[in-house]
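Chemist: Next up is a structure, given as structure tokens.
The values are calculated or read from the model by the stated rules, or taken from the named source; none is laboratory data. Note that this is a predicted model, so its numbers are computed, not measured. For neighbour counting, all protein chains shown are included, and Cβ atoms are generated from backbone atoms with ideal geometry for every residue, glycine included. Just so you know, the surface numbers come from the protein's heavy atoms only, side chains and all, with ligands and any DNA or RNA stripped out. Shrake-Rupley method; radii C 1.70, N 1.55, O 1.52, S 1.80 Å.
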Amino acid sequence: MTINGHTILTGLLGSPVSHSISPSMHNESFRMLDLNYIYLCFDVNTDHLKTAVDGMKALGVKGFNCTYPDKNLMCSLADRLSPAAEMIGAVNTVLNENGILTGFNTDGIGYMRSLKDGGFDIIGKKMTLLGAGGAATSIAVQAALDGVSQIDIFSRKTKFWNRALELADVLNRRTSCHVCIYDMADKTQLKQSLKDSEILTNGTSVGMAPDTEGCLITDMDMFHEGLIVSDIVYNPRETKLLKLAREHGCQTFHGLYMLLYQGAEAFKIWTGKEMPVSAIKEKFFS
């Protein structure tokens with residue numbers, strides 16, 4: 001990759017960002033497609049986000065990603081929002097067009113594309129979703145927009161509870177998907193929801209390293225033949241939830257490809273081209 005006076009800048013804003021795989025996959029994609037772009041990381045927290053975004057605009061940066069803790073605040077800093085970003089209330093990808101910033105949320109797209117990549121079709125079917133935080137909200141919104149017929153969301157009665165109720169109201173009004181919110185503690189309802197669900201998705205961080213023994217499903221009778229079980233956690237790749245589901249005959253898949261495909265969507269927004277996903281998957285995600 002040669003950097004010159006025509007090189008187009010993209011990047012990542014968040015804190016911390018030094019661990020991110022995004023620079024590797026984007027810069028390799030730019031190289032493979034012979035695009036004069038570069039992707040860099042900038043450690044920026046919410047206290048400095050507006051200043052950083054103003055700087056991005058002033059420098060003519062083509063676009064950037066936002067990660068924790070900047071996704072929610074970025075909504076108010078964007079000039080326009082995609083329908084998904086508006087409903088989710090969080091932005092993870094920004095496109096700069098002559099100083100006009102459009103905010104997108106590609107997390108849910110990444111999840112739905114990872115499902116398709118795994119050979120799973122849940123359109124017109126029912127999903128049971130555990131969690132109502134940022135990632136789970138992104139998944140629920142995109143699944144509803146894409147045509148999933150019903151989503152039962154289970155949330156703890158914490159700070160996310162009211163947001164989950166508001167999300168259900170929005171999705172029920174603005175999509176054809178029927179969304180219900182239940183208390184995570186209601187195991188009877190969870191078991192009932194799973195009986196006719198095509199897929200169970202853990203949209204929480206439960207089971208993520210170092211607390212790998214965590215699992216929100218404790219009754220093995222909840223797993224049934226034909227149920228797809230997915231987890232947004234990708235460290236470890238096989239969480240306790242996925243291990244138990246696999247042992248009880250369910251098809252499973254991990255959350256690593258959600259990361260890949262949300263990046264691929266951002267790449268397309270900035271460049272207008274498809275990321276060479278197969279090559280990037282083999283090099284960084286195998």
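Chemist: Can you tell me which condition Ile199 does not meet? The list is (1) in contact with a strand residue (DSSP E or B) (Cβ under 7 Å, 6 or more places away or on another chain); (2) open to solvent by less than 70 Å² (accessible area, probe 1.4 Å); (3) of a type in the set (A, V, I, L, M, F, W, C); (4) over 16 Å from Met127 (Cα atoms), and all the others hold.
Modeler: Among (1) in contact with a strand residue (DSSP E or B) (Cβ under 7 Å, 6 or more places away or on another chain); (2) open to solvent by less than 70 Å² (accessible area, probe 1.4 Å); (3) of a type in the set (A, V, I, L, M, F, W, C); (4) over 16 Å from Met127 (Cα atoms), the lone unmet condition for Ile199 is (4).
Chemist: Spot the failing condition for Ile122; the list is (1) crowded, with 24+ Cβ neighbours inside 10 Å; (2) part of a loop (DSSP other than H, G, I, E, B); (3) in contact (Cβ under 8 Å) with a residue 40 or more places away in the chain, and only one is missed.
Modeler: Only one criterion is unmet by Ile122, namely (1).
Chemist: Against the conditions (1) in contact with a helix residue (DSSP H, G or I) (Cβ under 8 Å, 6 or more places away or on another chain); (2) surrounded by fewer than 19 Cβ atoms within 10 Å (Cβ to Cβ), where does Ala140 fall short? Just the number, please.
Modeler: Only one criterion in (1) in contact with a helix residue (DSSP H, G or I) (Cβ under 8 Å, 6 or more places away or on another chain); (2) surrounded by fewer than 19 Cβ atoms within 10 Å (Cβ to Cβ) is unmet by Ala140, namely (2).
Chemist: Of the residues Leu12, Leu95, Leu115, which is of a type outside the set (D, E, K, R), in contact with a strand residue (DSSP E or B) (Cβ under 6 Å, 6 or more places away or on another chain) and within 20 Å of Met258 (Cα to Cα)?
Modeler: Unique residue meeting the criteria: Leu12.
Chemist: State yes or no: is Phe104 aromatic (Phe, Trp, Tyr), on the phi < 0 side of the Ramachandran plot and in contact with a Gly (Cβ under 6 Å, 6 or more places away or on another chain)?
Modeler: No; evaluated as a whole, the condition is false for this residue.
Chemist: Hey, Arg163 hits all of (1) surrounded by fewer than 20 Cβ atoms within 10 Å (Cβ to Cβ); (2) touching a Cys at 6+ places or on another chain (Cβ under 9 Å); (3) closer than 30 Å to Lys187 by Cα but one; which does it fall short on?
Modeler: Looking at each condition in turn, Arg163 falls short on (2).
Chemist: Restricting attention to segment 239-256, which residues are open to solvent by 40 Å² or more (accessible area, probe 1.4 Å), under 17 Å from Ser114 (Cβ atoms) and out of contact with any Ser or Thr (no Cβ under 8 Å at 6 or more places or on another chain)?
Modeler: Gln251
Chemist: When you go through (1) part of a loop (DSSP other than H, G, I, E, B); (2) more than 25 Å from Asp34 (Cα to Cα); (3) of a type outside the set (Val, Ile, Thr) one by one for Met275, which number turns out not to apply?
Modeler: Just one mismatch for Met275, condition (2).
Chemist: From the residues in segment 25-51 that are among the hydroxyl-bearing types (Ser, Thr, Tyr) and more than 12 Å from Met74 (Cα to Cα), which one is farthest from the chain's Cα centre (by Cα)?
Modeler: Here the residue is Tyr37.
Chemist: State which residue is nearest to Ile123 (Cα to Cα) when the search covers only segment 206-223 and only residues that are in a helix (DSSP H, G or I) and not charged (D, E, K, R).
Modeler: Within segment 206-223, the match that is nearest to Ile123 (Cα to Cα) is Met222.
Chemist: If you don't mind, another one. Of the residues that make up segment 246-260, is at least one over 18 Å from the mean Cα position of the chain (by Cα), in a strand (DSSP E or B) and in contact (Cβ under 8 Å) with a residue 12 or more places away in the chain?
Modeler: Among the residues of segment 246-260, at least one is over 18 Å from the mean Cα position of the chain (by Cα), in a strand (DSSP E or B) and in contact (Cβ under 8 Å) with a residue 12 or more places away in the chain, which makes the answer yes.
Chemist: Looking at Arg174, is it more than 23 Å from Ile123 (Cβ to Cβ) and in contact (Cβ under 8 Å) with a residue 12 or more places away in the chain?
Modeler: So Arg174 fails the test.
Chemist: Is segment 224-238 home to any residue that is in a helix (DSSP H, G or I), more than 25 Å from Asp34 (Cβ to Cβ), open to solvent by 10 Å² or more (accessible area, probe 1.4 Å) and modelled with pLDDT under 95?
Modeler: no
Chemist: Considering only residues that are touching a strand residue (DSSP E or B) at 6+ places or on another chain (Cβ under 6 Å), more than 23 Å from Ser205 (Cβ to Cβ) and open to solvent by less than 20 Å² (accessible area, probe 1.4 Å), which ones fall in segment 257-286?
Modeler: If the condition is that a residue be touching a strand residue (DSSP E or B) at 6+ places or on another chain (Cβ under 6 Å), more than 23 Å from Ser205 (Cβ to Cβ) and open to solvent by less than 20 Å² (accessible area, probe 1.4 Å), then Trp270 is the only one that fits.
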